[in-house]
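Data block below; observations after.
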Amino acid sequence: MDTKTITDTIKRLKIVKFIEEKFWLPLIIALILGLLIPTFGKSLNFLIIPFLMIILFLTYFKTDLIEIISHIKKPFFLIYVLIIFLLIIPAAVFIFFQFINPELSIGFLLLCSMPAGVSSPVFTNIVKGNTSLTIVVSFISHLVVPFTVPLLFLLLTQKVLAIDLWNLSKILLLLGFVPLLFAQIVRKTNQKFINSTRSYYGFISIIIISFLVYIAIANQSREILDNPVSTFLDILWLYGLFIFLHIVGYLTAFWRNKEDKIALSVAKTYMNNSLALGLAIAFFPPKIALLVALSEIPWTTTLAPFNYFIKKISQHRQKEMLN
């Protein structure tokens, strides 16, 4: 390898590392471009499902089924967590907002019923949580939601919203299992390719997620710009939702150690809202798609305050132990 090739490789890796560390930057740029240049984004809706499949494919590339299975030593605990995360919390949030603000209830139900996001293990590592627990919850929840999401909407919204539950189920199954199957095939047949490209997966996922944000915002740009007050209030409600999810996720397994509680808090709060965006645009009214698109704002900005809060709690406990 000559000097120029080595220099180019280093430059590429620096760019990749910068994007991964400042993941919020391309997301914010996508939000702004969606508002300012929406026309192009409105013609890209057909890319939503393929983009989601690529993101999950790259995630499963890094997931060894045997390794995941070895982590599942307490299946009853995981079943408990999944029931709380994917059924009880979404249903409770929906019922609560039916009384408070019915317009938000469907969008919040969709967000809360999503699996843990593919970025949640990275976020867990940043805030010093149990990363392996987040990986397991994220992986299994992606396999479960093709069954839990249609069930929730069938039971809770059949008199509120007409949804093609059959097609919704097919899309979720497609997204859940096809990328997993192909990723595991590639893992078994071409491990060398994975090892040589692994460092780019996070970068590629962030760029694709940014495109999804751009598409979602572009489709709702007129509504956002024409109703700034309503949009601002929706964002405030979303921040309230994310704070609630952080708290309830942290308390879900209150008897576990701090690292596990942090992991569960992150897994529940930073849901796969890219998947929610795709489903919202494909199956739901524009108002719901707008709300899901706006969720990108708290999704990219609440981790830092949570990290600060966790550090303050740790410092306070250390002082109490010293006293």
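Bear in mind that the values in this text are calculations on the coordinates, not laboratory data. Model, not experiment: these values are computed from the prediction. All Cβ positions, even for glycine, are placed from backbone atoms using ideal geometry, and neighbour counts span all protein chains on display.
Could you give the longest part of the chain that holds none of the trypsin sites (Lys or Arg not before Pro) found in DSSP loops with at most 11 neighbouring Cβ atoms within 10 Å?
Excluding the exposed sites themselves, the longest stretch runs over 160-323.
So for Ile206, Ile72, fewest C-beta neighbours within 10 Å to most, what's the order?
Numbers: Ile206 20, Ile72 12.
So the residues, fewest neighbours to most, are Ile72, Ile206.
Springs between Cα atoms under 10 Å define the GNM used for the chain, and in it the highest mean-square fluctuation of Ile15, Ile235, Ile194 occurs at Ile15.
Which of Trp166, Trp299, Trp237 comes first, and how do the rest follow, when ranked by fewest Cβ neighbours within 10 Å? Each step should come with its number before you reach the end.
Working: Trp166 9, Trp299 23, Trp237 19.
With the fewest neighbours first, Trp166, Trp299, Trp237 line up as Trp166, Trp237, Trp299.
Applied to segment 117-122, the Karplus parametrisation 6.51 cos²θ - 1.76 cosθ + 1.60 on θ = phi - 60° returns per-residue 3J(HN,Hα) values of x, 5, 8, 4, x, 5 Hz, with x for Gly and Pro.
Under a 5 Å amide H cut-off, with hydrogens placed 1.01 Å from N, Met271 pairs with Gly117 among residues at least 5 apart or on other chains. In this simple spin-label model, placing a label point 7 Å from the Cα along the Cα-to-Cβ direction at both Gln98 and Ser169 gives a separation of 2.2 nm.
Between Ile135, Ile204, Ile55, the residue with the greatest mean-square fluctuation in the GNM of the chain (Cα pairs under 10 Å linked by springs) is Ile204.
Report relative contact order for segment 205-323 in percent, whole number only (criteria: Cα-Cα under 8 Å, sequence separation at least 6). Before the final figure, lay out the partial values.
On the way: 78 pairs, mean separation 37.1, N = 119.
For segment 205-323, the relative contact order is 31 percent.
Between Ile28 and Glu259, the modelled labels are 3.2 nm apart [label points 7 Å from Cα along Cα→Cβ]. The string of couplings for segment 265-277 from the Karplus curve (6.51, -1.76, 1.60, θ = phi - 60°) is 4, 5, 4, 7, 6, 9, 5, 6, 6, 5, 5, 4, 4 Hz, one whole number per residue in order, with x for Gly and Pro. Helical runs (DSSP H, four residues minimum) scored at -39500 (n - 2.57) apiece and divided by the length of the chain put the mean residue ellipticity at 222 nm at -26000 deg cm²/dmol. Say the cut-off is 21 Å between C-alpha atoms; which of Lys128/Lys311; Lys258/Lys312; Lys73/Lys261; Lys74/Lys188 go over it? Result: Lys74/Lys188 exceed 21 Å.
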